[in-house]
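This report concerns only the one structure given below.
The values are calculated or read from the model by the stated rules, or taken from the named source; none is laboratory data. Given the structure is predicted, the values throughout are model-derived calculations rather than measurements. A quick note on method: Cβ atoms are made from the backbone with ideal geometry, for glycine too, and the neighbour counts reach across all protein chains shown. The area values use the complete protein model at the heavy-atom level, side chains included, leaving out ligands, DNA and RNA. Shrake-Rupley method; radii C 1.70, N 1.55, O 1.52, S 1.80 Å.
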Amino acid sequence: MKILLVSNSVQGGAGKACLRLYEALKIAGHEAKILELEPGGAANSDIVSFYPRVRDLFLRQLVSFPVTALRHAVIGDLRRQYRLPSSSHRMERHPLIEWADVINLHWVPDFVDYRKFFGRVGRKPVVWTMHDMLPFAPGYHYETERPTANTKVETRIAKAKHAALQLANLAVVAPSAWLVRVSENNKTFAGRLHRHIFNGLPLDIYQPLEKSIARRILGLPEDKRIVLFTAAGVGAKRKGGHLLVGAVRRLEDKDVILVSVGGGSIDFGAQVEHRHLGSFSDEISMSLCYNSADVVVQPSIEDNSPNIIIESFACGRPVVGFDVGGVGELICDKFLGVVVRQLNGGALANGIAQALKNDYSASRIRADANERFSYAELSANYLRLFEEMCLR
């Protein structure tokens, strides 16, 4: 079976999940390739960029800008607040689309044109792995990021998506049961085959390491209790950094230091001992970050199934997070961390304080990661679905 995974990029949370699925399929001995929109310069010949150079992508976007602006105007979105189910990139014409026996879409906003893509592939099996709500939602990724509601625009987007999928041989995957439920109740994907499949990760890279060793490598103090916060953009509202600010200010433990990793910055004030390490693009550095921590905090106010949580578990570290989206499904037992039920800084502070008092077993947390998030489990679950779709 020839499997094509499609993503805007193999960077970021969704792109990383796509790349890890590719790795899992290859390890299991299957023929797989990735088609990405953004030129990544990957040395792997199986990872093909739609545009050979960044310059080519930029020029295409520049030339197509008037058409894109017109599409927004026609649909009534003059301020261009919504993502439309159209694209100036003719991804459906790429030779790999014809090559594939099954196509697995991942995070593809502005890359996949719903009408043209599904019209071109016909009844070829397509599995859409959702990393947020956009595949079925009328133009936004999460409810918390939804523009000021424009019912007319949202209705038009929803109708266009639904119409484009009428004849498609499509199944839908989400790494959280929460997103599966939301999708099943939305008209766009209603009646489609849905599967809940956890993301996986390379357990040979993310594994428990002596805390003191990780801290020496990163230059972090060995005599402090480290609370780790990591996000692609630490200041993004949806990631909850603003609530974490209030939480750490409430902590009475003066031996605690907050360590943050990611792009951007956030002001915790002079009363909070804080170290920002910046961004890391490699998995080994991120593994060291998790291993340096006593507790990892995931304060998102809305999220699907954060890689941060499973990466923490693989390193044997407990996680504190709000009970939103798929977070509670991951922190599904007290031995894995603390699920905070109230969405505020005070409740988060109590959750962090409780986690710092608990005596967690790194080996037990790691064993749970081995069972739920291994590459073997990931590839087996997807292969069953791919084979089922090919028989339709």
- Message: Which condition from (1) open to solvent by 20 Å² or more (accessible area, probe 1.4 Å); (2) free of Cβ contacts under 8 Å to residues at least 40 places away in the same chain is the one that S281 breaks?
- Response: (2)
- Would you pick out the residues in region 145-185 that are of a type in the set (D, E) and under 18 Å from the mean Cα position of the chain (by Cα)? E145
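Residues are listed down the side, and each one gets a yes or a no for (1) more than 22 Å from I3 (Cα to Cα); (2) not aliphatic (A, V, I, L, M):
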{"site": "R20", "(1), (2)": "no, yes"}
{"site": "L35", "(1), (2)": "no, no"}
{"site": "L59", "(1), (2)": "yes, no"}
{"site": "V67", "(1), (2)": "yes, no"}
{"site": "S87", "(1), (2)": "yes, yes"}
{"site": "D101", "(1), (2)": "no, yes"}
{"site": "L105", "(1), (2)": "no, no"}
{"site": "V108", "(1), (2)": "no, no"}
{"site": "R123", "(1), (2)": "no, yes"}
- Task: Considering each of S363, S312, S379 in turn, give the residue that is in a helix (DSSP H, G or I), open to solvent by less than 20 Å² (accessible area, probe 1.4 Å), out of contact with any strand residue (DSSP E or B) (no Cβ under 9 Å at 6 or more places or on another chain) and hydroxyl-bearing (S, T, Y).
- Result: S379
- Query: Within region 9-38, which residues are part of a loop (DSSP other than H, G, I, E, B) and either closer than 23 Å to A231 by Cα or within 18 Å of the chain's Cα centre (by Cα) (or both)?
  - Reply: S9, V10, Q11, L37, E38
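Residue by residue, here is whether (1) modelled with pLDDT of 95 or more; (2) farther than 27 Å from P306 by Cβ holds:
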residue	(1), (2)
F136	yes, no
E145	no, no
A149	no, no
I157	yes, no
N169	yes, yes
- Message: For the condition modelled with pLDDT under 95 and open to solvent by 40 Å² or more (accessible area, probe 1.4 Å), what is the one hit in P66, P95?
- Response: P66
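When region 1-20 is examined, which residues are found to be open to solvent by less than 30 Å² (accessible area, probe 1.4 Å) and farther than 18 Å from M286 by Cβ?
Step one: filter region 1-20 for residues open to solvent by less than 30 Å² (accessible area, probe 1.4 Å), giving 3-10, 14-15, 17-18, 20.
If the condition is that a residue be open to solvent by less than 30 Å² (accessible area, probe 1.4 Å) and farther than 18 Å from M286 by Cβ, then I3, L4, L5, V6, S7, N8 are the ones that fit.
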- Task: Tell me which residues, restricted to region 339-352, are buried (at least 22 other Cβ atoms within 10 Å of the Cβ) and either out of contact with any Leu (no Cβ under 7 Å at 6 or more places or on another chain) or modelled with pLDDT under 95 (or both).
- Result: G351
- Message: Looking at region 310-326 only, could you name the residues that are under 20 Å from A236 (Cα atoms) and either touching a Gly at 6+ places or on another chain (Cβ under 7 Å) or in contact (Cβ under 8 Å) with a residue 24 or more places away in the chain (or both)?
- Response: V319, V320, G321, F322, V324, G325, G326
- Item | Scan of region 337-392 for residues that are of a type in the set (S, T, N, Q), in contact with a helix residue (DSSP H, G or I) (Cβ under 9 Å, 6 or more places away or on another chain) and under 18 Å from I309 (Cβ atoms), ordered by number | N358, S361, N370, S374
- Would you mind telling me which numbered condition in (1) in a loop (DSSP other than H, G, I, E, B); (2) open to solvent by 10 Å² or more (accessible area, probe 1.4 Å) G328 fails? (1)
- Task: From D110, D101, grab the single residue that is closer than 27 Å to Y382 by Cα, surrounded by fewer than 16 Cβ atoms within 10 Å (Cβ to Cβ) and acidic (D, E).
- Result: D101
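A quick yes/no check of all residues on (1) more than 21 Å from V248 (Cα to Cα); (2) not in a loop (DSSP other than H, G, I, E, B):
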position	(1), (2)
Y290	no, yes
V296	no, yes
S300	no, no
C332	yes, no
V339	no, yes
G346	no, yes
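Which of the following residues is more than 26 Å from E31 (Cα to Cα), among the hydrophobic types (A, V, I, L, M, F, W, C) and touching a residue at least 12 places away in the same chain (Cβ under 8 Å): L105, L84, L96, L78?
Criteria check complete, one pass: L84.
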- Which of the residues that make up region 210-242 are open to solvent by 30 Å² or more (accessible area, probe 1.4 Å), under 25 Å from the mean Cα position of the chain (by Cα) and either within 18 Å of V324 (Cα to Cα) or at pLDDT 95 or above (or both)? A236, K237, R238, K239, H242
